[in-house]
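Trainee: This structure is in structure tokens; I'll ask about it shortly.
The values are calculated or read from the model by the stated rules, or taken from the named source; none is laboratory data. Note that the coordinates shown come from a computational prediction; the quantities given were computed from them, not determined experimentally. Methodologically, a virtual Cβ is constructed for each residue, glycine included, from the backbone with ideal geometry; neighbour enumeration extends over all protein chains shown.
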Amino acid sequence: MNTVVAQAPGRINLIGEHTDYNLGFAMPIALAERTTVRFEPDGTDRIFLRSKEEGDGSSFALSARPGDVEGWAAYPAGVIWALSAAGHDVVGGTMEVSSDVPIGAGLSSSAALECAVLLAMNAATATTMDRSTVARIAQRGENDFVGAPTGLMDQLASLNGEPDRALLIDFDSTSVRPVEFDLSAHGLVLLVVNSNAAHQHSTGEYASRRESCNRASRTLGVDSLRRVQGQNILDRIENEVDRRRVRHILTENQRVLDSAQAMADGDFRRLGALMAQSHVSMRDDFEITTPHIDLIVDSLLSHGALGARMTGGGFGGCVISLVPAAHVEAMSASVTEDIADAGFPAPTVFVARAAAGAQVCTDP
């Protein structure tokens, strides 16, 4: 059997947080940072994992079931389990994993690993499937094997990314529409401030937000909050917490659509304002930010960013901002100083750009 190599990027969500599992809208980009899986099939019934970041020694049987594998190995085990459960061929061998996607930063390192493993396995077994199917298999592995109740955004973004394009995703139809996002043409950059405070979906906070949305849907008699988009229904939800959660989802969906129009119009000041509004909604209505993250957003805005917001599932991770390219160094220094003055750990600051999606490499 021939060695295959697949790569899949992390992602940044420009706007549209926690909307995916509510069948709403989001607009991520794929990153240049990516995870690479080099797979050497050997015809056995086990996968052996090697990782520059996590070390060697992890392995699992192709017959592994949910609960059998723990730690980072659960992600490749989960998607291979989901692939096999869907009736597709899987084969044993050695997977060597390397990645420059920051872990625990809300940049979807898990989905990058999942998609790279799936593309490598499919290439090794000559299995052909469309990218929407790959995304759903990856999601099932993360949901039902790993136990993280995430939506579909991360996988769709990793698989469908395009250079200098954002992806307007409609999760009701799972359609993906590229939207021009060439910031350099407008003298801007997307500045990412990694708080270096890892977010944890598995703590139950993510799951509790999802259940709140599901509970509100049941109250409203619909299968998803998408069915009440654009309707004045908040007064029908007696639970005050659930009402705020719903308000975030419905207003966030509209912000995504408005952001896509602003980008098409080249109106990045409007986009920045929508990003700032999104952060306020995440802070006050969905309650998934932290004082550390809020400080970073406030600092960026006070030093001249057009817009700033937390990105990712919440409770840590990264803040993104639209910043004039000429001010990147000064902005980075000022924000770093503000964070240090507040007693938080030093951040990692970098510029991100929309990049290509996952692919099987032609030269292993």
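Trainee: Of all residues in the range 64-98, which are among the β-branched types (Val, Ile, Thr) and crowded, with 18+ Cβ neighbours inside 10 Å? First the steps, then the outcome.
Mentor: To start, the set of residues in the range 64-98 that are among the β-branched types (Val, Ile, Thr) comprises 69, 79-80, 90-91, 94, 97.
Selection gives Val69, Val79, Ile80, Val90, Thr94, Val97.
Trainee: For Val246, only one of the following conditions fails: (1) touching a strand residue (DSSP E or B) at 6+ places or on another chain (Cβ under 7 Å); (2) surrounded by 22 or more Cβ atoms within 10 Å (Cβ to Cβ). What is its number?
Mentor: (1) is the only condition that Val246 fails.
Trainee: Same structure again: For the range 280-311, give me the residue count where each residue is in a helix (DSSP H, G or I) and among the polar types (S, T, N, Q).
Mentor: 3
Trainee: Quickly run through the range 200-211 and pick out the residues that are assigned to a helix (DSSP H, G or I) and in contact with a Phe, Trp or Tyr (Cβ under 7 Å, 6 or more places away or on another chain).
Mentor: From the range 200-211, those assigned to a helix (DSSP H, G or I) are 201-203, 205-211; that's our starting set.
Once the filter is applied, which keeps residues that are assigned to a helix (DSSP H, G or I) and in contact with a Phe, Trp or Tyr (Cβ under 7 Å, 6 or more places away or on another chain), the range 200-211 yields Glu205, Arg209, Arg210.
Trainee: Ok, one more. I need the full set of residues from the range 312-362 which are assigned to a loop (DSSP other than H, G, I, E, B), surrounded by fewer than 20 Cβ atoms within 10 Å (Cβ to Cβ) and in contact (Cβ under 8 Å) with a residue 12 or more places away in the chain, in order please.
Mentor: Those that are assigned to a loop (DSSP other than H, G, I, E, B), surrounded by fewer than 20 Cβ atoms within 10 Å (Cβ to Cβ) and in contact (Cβ under 8 Å) with a residue 12 or more places away in the chain: Ala342, Phe344, Pro345, Ala346, Arg353, Ala355, Ala356, Cys361.
Trainee: Now, a different point. Taking only the range 259-279 into account, find how many residues are surrounded by fewer than 16 Cβ atoms within 10 Å (Cβ to Cβ) and assigned to a helix (DSSP H, G or I).
Mentor: The qualifying residues number 3.
Trainee: For the range 212-236, enumerate the residues that are surrounded by fewer than 16 Cβ atoms within 10 Å (Cβ to Cβ) and not in a helix (DSSP H, G or I).
Mentor: Matches in the range 212-236: Gly221, Val222, Asp223, Gly230, Gln231, Asn232.
Trainee: Kindly evaluate Arg245 against the criterion of being in a helix (DSSP H, G or I) and out of contact with any His (no Cβ under 8 Å at 6 or more places or on another chain).
Mentor: It is true that Arg245 is in a helix (DSSP H, G or I) and out of contact with any His (no Cβ under 8 Å at 6 or more places or on another chain).
Trainee: How about the range 99-124: which of its residues are of a type in the set (S, T, N, Q), surrounded by fewer than 24 Cβ atoms within 10 Å (Cβ to Cβ) and not in a helix (DSSP H, G or I)?
Mentor: Of everything in the range 99-124, just one residue is of a type in the set (S, T, N, Q), surrounded by fewer than 24 Cβ atoms within 10 Å (Cβ to Cβ) and not in a helix (DSSP H, G or I), namely Ser99.
Trainee: Quick one: which residue in Thr150, Thr127 is outside any helix (DSSP H, G or I), in the same structural domain as Gly16 (by TED's automatic domain parsing) and over 23 Å from Pro41 (Cβ atoms)?
Mentor: Thr150
Trainee: Only one of Glu53, Glu40, Glu17 is within 25 Å of Gly316 (Cα to Cα), surrounded by fewer than 24 Cβ atoms within 10 Å (Cβ to Cβ) and not assigned by TED's automatic domain parsing to the domain that holds Val246. Can you tell me which?
Mentor: Just one listed residue meets the conditions, Glu53.
Trainee: Let me ask something additional. Within the range 162-173, does at least one residue satisfy the condition of being part of a loop (DSSP other than H, G, I, E, B), assigned by TED's automatic domain parsing to the domain that holds Glu33, surrounded by fewer than 18 Cβ atoms within 10 Å (Cβ to Cβ) and free of Cβ contacts under 8 Å to residues at least 40 places away in the same chain?
Mentor: There is at least one residue in the range 162-173 that is part of a loop (DSSP other than H, G, I, E, B), assigned by TED's automatic domain parsing to the domain that holds Glu33, surrounded by fewer than 18 Cβ atoms within 10 Å (Cβ to Cβ) and free of Cβ contacts under 8 Å to residues at least 40 places away in the same chain.
Trainee: Can you find, within the range 93-138, the residue that is modelled with the highest pLDDT among those that are under 30 Å from Asp172 (Cβ atoms) and among the acidic types (Asp, Glu)?
Mentor: Taking the candidates together, the pick is Glu114.
Trainee: Which members of the range 329-358 meet the condition of being within 24 Å of Glu162 (Cα to Cα) and more than 18 Å from the chain's Cα centre (by Cα)?
Mentor: Val349
Trainee: Testing Val176 on (1) of a type in the set (A, V, I, L, M, F, W, C); (2) closer than 30 Å to Ala333 by Cβ; (3) at pLDDT 95 or above, one condition comes back false. Which one is that?
Mentor: The number of the failed condition is (2).
Trainee: Only one of (1) under 18 Å from Gly312 (Cβ atoms); (2) surrounded by fewer than 20 Cβ atoms within 10 Å (Cβ to Cβ); (3) acidic (Asp, Glu) is not met by Asp154, so which one is it?
Mentor: So Asp154 meets the others, but not (2).
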